[in-house]
Structures are given as structure tokens and as C-alpha cells.
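Enquirer: Right, I'll just put the structure down here and ask away after.
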Amino acid sequence: MPQPKQLNTATSQWVHGAAVTDPTGGATADTQGRTATVSILAALRAAGVLGGATGLNVGHSYNAATASITLQPAIADPTGGVTIDDVARPTIISILGVLRRTGIIAGGAGGPQFTLNGPTNQLCQGPAIADPSGGATIDTQVRTALTSALAAMRDAALITGGTGQ
């Protein structure tokens, strides 16, 4: 199990975020959005941001031959499909951007980008990402999973707006 990423200020102990269930069922299904969301949840579990990982974080192993860190696999942006949740998709794409920039998954344009906050020399958080709401076509299962994932990302200080500052 990967190292926990959240500090419980009440107990002063490091803990894992809550487990988040993969989206299944429901009346409306954005299959492309669900595929991306399931992959996002798996990456966050492997990084210790969400609870529920079943093994060690082997996605970040050292490759001696290339002298580089091997990241978790890239996750494609959702495109196409018959049913499209037009509000959830931009949220998914924003989350994927954060995961690429922080090196949790592969696929960033220039590799992981860690920006330090000058005065405190702490890693800068990514921009805030709003919980998906509204829209004409709603995949409630995807939105529930995304909202929980965003809450964990805020608490782990991957994006602004949480308690992990």
C-alpha cells in the first residue's frame, strides 16, 4: 500500500483519503468519461491520495537503463462517444492535466513540473477545479466519483481549495 498523503490534524497522523467507488450502473452512461474516471481513480489510489490501493506503488519505479523514473501509464482525454456528459468531461481533462504535471501519470508535455513557492520552498498547488454540476446530459455515477476524487486532491494539496495547504 502506498504511503498516505493526508495529515489528519485532529490525530496528527498521516492517513489515506477515503475510498471512492468506480462508476457503474445508472440511467445515463458516458462510457468515454467513465473509462477515464476509472483510470483517474486507479492512479490516485496508487499514489496514496485515495484509499483502496491493493498493492505497492510500483508505478513510480526507477529504470536504471534510462536513468529515469517510470511513471504510471498515460490516460487519454475522453473524446467521442454516443452519450457525452459535457460538464464532467472538462473536469476530467483538468484532473488529467494536474496528474500529468505532478508526475502521477505519464503524458505531460515536458515531464513532471514541480514549481516551488519561493518564500516557503513548498510545492505549489495546481489551480482549483470546480465540482461538475449542471448541464443537459448527466452521468451521476461519474460525477459522484469525480467530486470525491477532487475532494481528496484538495486535501492532498494537489489542487487549491482544500485543507492540505
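Each value in this text was obtained by applying a stated rule to the coordinates, not by laboratory testing. In this text the structure is predicted, and so the values were computed from the model without any measurement. Don't worry about glycine lacking a Cβ; one is built from the backbone with ideal geometry, like all the others, and counts go over all protein chains shown.
Enquirer: So who's got an amide H within less than 5 Å of the one on residue 159, skipping anything under 5 residues away but keeping other chains? H placed 1.01 Å off N, in plane.
Expert: Amide H neighbours of residue 159, under 5 Å, 5+ apart: 126, 154.
Enquirer: Take the Cβ-Cβ distance between residue 12 and residue 144 as r, set R0 to 35 Å, and report the resulting FRET efficiency rounded to the nearest 0.05.
Expert: Efficiency at R0 = 35 Å is approximately 0.70.
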